[in-house]
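Values quoted throughout were computed directly from the atomic coordinates according to the rules given, and no laboratory measurement underlies them. Model, not experiment: these values are computed from the prediction. Neighbour counts are summed over all protein chains in view; Cβ atoms, including those assigned to glycine, are modelled from backbone coordinates with ideal geometry.
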Amino acid sequence: MPLLARHEPANRNTMNKAIPQDENYGFEDTSFKAAGGFEGIQKLVKCFYQFMDQLPEAKIIRAMHAEDLSLIDDKLTHFLCYWLGGPRQYREKYGPLSIPGAHRHLAVGEQERDAWLLCMEKAVELQPYKPSFKKYLLQQLARPAEGIRKSSQGIAAQ
Ligand code: HEM
């Protein structure tokens, strides 16, 4: 069974003890709301792909993507809405998705994982989120990113 087959959206994870209890991120749609709902997540994802387009460290992962980023931009926006406890529109629009399955054809090593997370870190930093939510979101995203790297090790070794 792939490592991430049992991956649960961030809203279903147990709360990270480093996050103040009163924030309650991960409960129902608190994370979706903390990210500014659909519009907030749309802005985050736009910013993320702008960094992927611009950062020298991200060239390696930009090259894995199509020239036109508009489809992946829409997909990641809808996916993160669901993953953060918001509406499940990704499935309605694009069908079922498994994160490891969607990346199985890619060779993702430490450099690719770190480049992806760097773009996300820079994008998150520019959003008007509470510092505690920024920290929480980056911690949560690091988990599937590392899972993708691990499940991709077989490809990377070829
Ligand atoms: C670890 C570093 C990562 C890299 C290098 C990476 C790279 C990519 C690439 C190149 C694609 C397009 C694949 C294609 O068109 O064939 C893609 C799709 C996608 N990625 Fe990632 N990704 C990473 C991490 C993540 C994470 C952590 C998430 C979610 C939390 C995510 C969510 C998605 C989604 C939703 C799609 C669209 C899948 C589809 O429609 O097939 N990715 N990724």
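Numbers below:
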item: Segment Glu67-Phe27, extension gain: residue separation times 0.36 nm, minus the distance between their alpha carbons; result: 10.7 nm
item: Per-peptide average of other Cβ atoms within 10 Å, ordering 71-84, 125-138 highest first; result: 71-84, 125-138
item: Relative contact order (%) - criterion: Cα under 8 Å, at least six apart; region: the stretch 80-148; result: 35 percent
item: All-pairs Cα distance distribution in the stretch 40-80, expressed in whole percent, bin size 5 Å; result: 6, 25, 33, 24, 12, 1
item: Sequence-distant aspartates and glutamates (8 or more away, or on other chains) whose Cα lies within less than 19 Å of Lys130; result: Asp22, Glu23, Glu28, Asp29, Glu39, Glu121
item: Euclidean distance between Cα centres, the stretch 66-136 to the stretch 29-44, Å; result: 13 Å
item: Gyration tensor (alpha-carbon) shape descriptor, the stretch 41-158, a/c threshold 1.5; result: rounded
item: Out-of-range pairs (alpha-carbon distance over 25 Å; input Lys46/Lys135; Lys43/Lys150; Lys93/Lys135; Lys75/Lys135); result: Lys43/Lys150; Lys93/Lys135
